[in-house]
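Undergrad: Below is a structure I'd like to ask you about.
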Amino acid sequence: MNVIPQIFKDKKSLPLNIFIDRALYNKKYGYYSKKNPIGAKGDFITAPLISELFGEMVAIWCIAFWEKLKKPKNINIVELGPGEGSLCLTLIKVFSRFKIFNNALKIKLLEKSKFLRKIQEKKITSKKVRWIKSIEEIKNGPTIFIANEFFDALPIKQFVLKKKIWHERFVKCINDEKLIFYYKKANLNNIKHFARLSLAKKQKFIEFPIEAIKYLTSISKIIKKHDGGMICFDYGYKKIKMSDSLQSVKKHNYSKILLNVGNSDITHHINFNLFSKIIRNLDLHLEGITEQGIFLQKMGIIHRANMLTKNANFNVKADVYYRLKRLMSRGEMGKIFKVIFFNKKGVKFNLGFK
Ligand SMILES: C[S@@+](CC[C@H](N)C(=O)[O-])C[C@H]1O[C@@H](n2cnc3c(N)ncnc32)[C@H](O)[C@@H]1O
């Protein structure tokens, strides 16, 4: 079905971020509003579905951080964008084995897609779990935020320097059928003011994570007021120089961004250098950025796999280690996926990072 007329409504063109937002999250026609795209049968697969051991490591990391926070009697775990709910299910399973932690625990899930939320509600029946509509609903803490492939799913703006003048990327709709990119002159002062950063230095191209900055700002307020931190897993790069990383994925293959609108995913790579600056600007302590493979190895995932498969037959062993390789090898998810952790200043916690 051609959803372009519904996505553009009465407009002839949209700034890139608004176009992405509508293509992915239009309540009726958006990509995430119509189906579950995650899993072998969907368009892409994520770490919690590749192996439960990923979620186990995240759970153990959360419990260790809670211990570092001196075992508060109430602790919120907030997952952003839980997808089809696998990570949350694994967390609940592991947490239930740690009685004191489990008694202190409340889990909150923030999900924008009504379709995915229904899937989550069916799967996740624990009384510890509540769905929230915005970060601002969190009124007490401490709080540990978790996000796996959340920030790459948020809309971005793009700017390009042409003949010494900055232009913003728009998407134009022609005859309700065809879409093309085009550029309008832009004033970078608006984004500079919004991000409280000068982004244009040494850049000829800027990917501006406008929604991510809004989320990080709200999260920083909760962490600074109530204590806690955030751990994120996402793909991206650490170089200062930004590049056009916008991409579309359908059936585990790259697809053209302006084709299959509403039926294919649109994502980008996180610029972790910019993320670090934003986090420091928000007056939080950035513990570090590491590769997913290194983080999982430091968390003891191999030891756990060895224990699990000690008495297993060859097929089970092969399956467990094949999945581990997908999560950890540098040619697969191990290097391109990064882990970033930040928290309230004053608490030093570097499990998985040092
Ligand atoms: C790429 S999927 C990742 C899903 C899951 N974390 C996983 O690893 O399988 C992105 C998830 O974030 C959700 N999402 C995107 N934007 C959101 C927003 N602004 N607020 C809450 N959830 C959002 C999507 O609906 C989806 O559940």
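Undergrad: List the pairs whose first member sits in the stretch 225-247 and is closer than 30 Å to Lys71 by Cα and basic (Lys, Arg), whose second member is open to solvent by 20 Å² or more (accessible area, probe 1.4 Å) and at pLDDT below 95, and whose Cβ atoms are under 8 Å apart, counting only residues at least 6 apart or on separate chains?
TA: Short answer, once both residue conditions are applied: Lys225/Gly141.
Undergrad: Restricting attention to the stretch 163-174, and to residues there that are closer than 14 Å to Lys11 by Cβ and either open to solvent by 50 Å² or more (accessible area, probe 1.4 Å) or not hydrophobic (A, V, I, L, M, F, W, C) (or both), which single residue is farthest from the chain's Cα centre (by Cα)? Full working, then the answer.
TA: Taking the stretch 163-174 as the starting set, the residues that turn out to be closer than 14 Å to Lys11 by Cβ are 170-174.
Checking which are either open to solvent by 50 Å² or more (accessible area, probe 1.4 Å) or not hydrophobic (A, V, I, L, M, F, W, C) (or both) leaves us with 172, 174.
Numbers: Lys172: 28, Ile174: 33 Å.
The extreme case among them is Ile174.
Undergrad: Right, here's the next one. Pairs only if they're at least six apart or on different chains, beta carbon under 8 angstrom, first in the stretch 315-334 and in a loop (DSSP other than H, G, I, E, B), second open to solvent by 80 Å² or more (accessible area, probe 1.4 Å); list them, first residue then second.
TA: Glu332/Lys325
Undergrad: Could I ask something else about it? Within the stretch 6-48, which residues are hydrophobic (A, V, I, L, M, F, W, C) and either more than 12 Å from the ligand (Cβ to nearest atom) or open to solvent by 50 Å² or more (accessible area, probe 1.4 Å) (or both)?
TA: Let us first name the residues in the stretch 6-48 that are hydrophobic (A, V, I, L, M, F, W, C), namely 7-8, 14, 16, 18-20, 23-24, 38, 40, 44-45, 47.
Result: Ile7, Phe8, Leu14, Leu16, Ile18, Phe19, Ala23, Ala40.
Undergrad: Any idea which residue in the stretch 103-141 is surrounded by the fewest Cβ atoms within 10 Å (Cβ to Cβ), counting only those that are small (Gly, Ala, Ser) and touching a strand residue (DSSP E or B) at 6+ places or on another chain (Cβ under 6 Å)?
TA: Going through the stretch 103-141, the residues small (Gly, Ala, Ser) turn out to be 104, 113, 126, 134, 141.
When the remaining residues are screened for being touching a strand residue (DSSP E or B) at 6+ places or on another chain (Cβ under 6 Å), the result is 104, 141.
Details: Ala104: 17, Gly141: 19.
The extreme case among them is Ala104.
Undergrad: Name, by its number, the condition in (1) on the phi < 0 side of the Ramachandran plot; (2) of a type outside the set (Phe, Trp, Tyr); (3) more than 16 Å from the ligand (Cβ to nearest atom) that does not hold for Asn175.
TA: (1)
Undergrad: Of all residues in the stretch 1-48, which are at pLDDT below 95, of a type in the set (D, E, K, R) and assigned to a helix (DSSP H, G or I)?
TA: Lys34, the sole residue that qualifies.
Undergrad: Restricting attention to the stretch 118-157, and to residues there that are over 27 Å from Gln292 (Cα atoms) and in contact with a Phe, Trp or Tyr (Cβ under 9 Å, 6 or more places away or on another chain), which single residue is farthest from the ligand (Cβ to nearest atom)?
TA: Here the residue is Lys128.
Undergrad: Identify all residues within the stretch 165-216 that are touching a residue at least 60 places away in the same chain (Cβ under 8 Å), within 28 Å of Lys344 (Cβ to Cβ) and among the basic types (Lys, Arg); write none if there are none.
TA: Arg196
Undergrad: Residues of the stretch 254-273 being outside any loop (DSSP other than H, G, I, E, B) and either within 16 Å of the ligand (Cβ to nearest atom) or open to solvent by less than 10 Å² (accessible area, probe 1.4 Å) (or both), which ones?
TA: As a first pass, look at the stretch 254-273 and keep what is outside any loop (DSSP other than H, G, I, E, B): 254-255, 265-267, 270-273.
Listed by number, the residues that qualify are Tyr254, Ser255, Asp265, Ile266, Thr267, Ile270, Phe272.
Undergrad: Turning to a different aspect of this structure: Of all residues in the stretch 78-106, count the ones that are within 16 Å of the ligand (Cβ to nearest atom) and under 19 Å from Gly229 (Cβ atoms).
TA: Applying the first criterion (within 16 Å of the ligand (Cβ to nearest atom)) to the stretch 78-106 yields 78-92.
After this cut, where a residue has to be under 19 Å from Gly229 (Cβ atoms) as well, the list is 78-82, 87-88, 91.
The number of residues fulfilling the criteria is 8.
Undergrad: Can you tell me which residue in the stretch 234-246 is modelled with the lowest pLDDT, limited to those that are in contact with a Phe, Trp or Tyr (Cβ under 6 Å, 6 or more places away or on another chain) and either within 13 Å of the ligand (Cβ to nearest atom) or open to solvent by less than 20 Å² (accessible area, probe 1.4 Å) (or both)?
TA: It comes out as Met242.
Undergrad: Among the numbered criteria (1) more than 9 Å from the ligand (Cβ to nearest atom); (2) under 18 Å from the mean Cα position of the chain (by Cα); (3) farther than 21 Å from Gln297 by Cα, which one does Met57 miss?
TA: Only one criterion is unmet by Met57, namely (3).
Undergrad: OK, next. Consider Ser255 carefully, then state whether it is without any contact (Cβ under 8 Å) to a residue 40 or more places away in the chain and either in contact with an Asp or Glu (Cβ under 8 Å, 6 or more places away or on another chain) or of a type in the set (S, T, N, Q) (or both). Spell out the reasoning first.
TA: Numbers: without any contact (Cβ under 8 Å) to a residue 40 or more places away in the chain: yes; either in contact with an Asp or Glu (Cβ under 8 Å, 6 or more places away or on another chain) or of a type in the set (S, T, N, Q) (or both): yes.
So Ser255 passes the test.
Undergrad: Moving to a separate point now. Out of the stretch 274-304, which residues are open to solvent by 10 Å² or more (accessible area, probe 1.4 Å) and within 16 Å of the ligand (Cβ to nearest atom)?
TA: Hits for the stretch 274-304: nothing passes.
The values are calculated or read from the model by the stated rules, or taken from the named source; none is laboratory data. Quick caveat, the model's predicted, so the values are computed rather than measured. Please note: Cβ atoms are built from the backbone with ideal geometry, for glycine as well, and neighbour counts cover all protein chains shown. Side chains included, ligands, DNA and RNA excluded: accessible areas come from the protein's heavy atoms. Shrake-Rupley method; radii C 1.70, N 1.55, O 1.52, S 1.80 Å.
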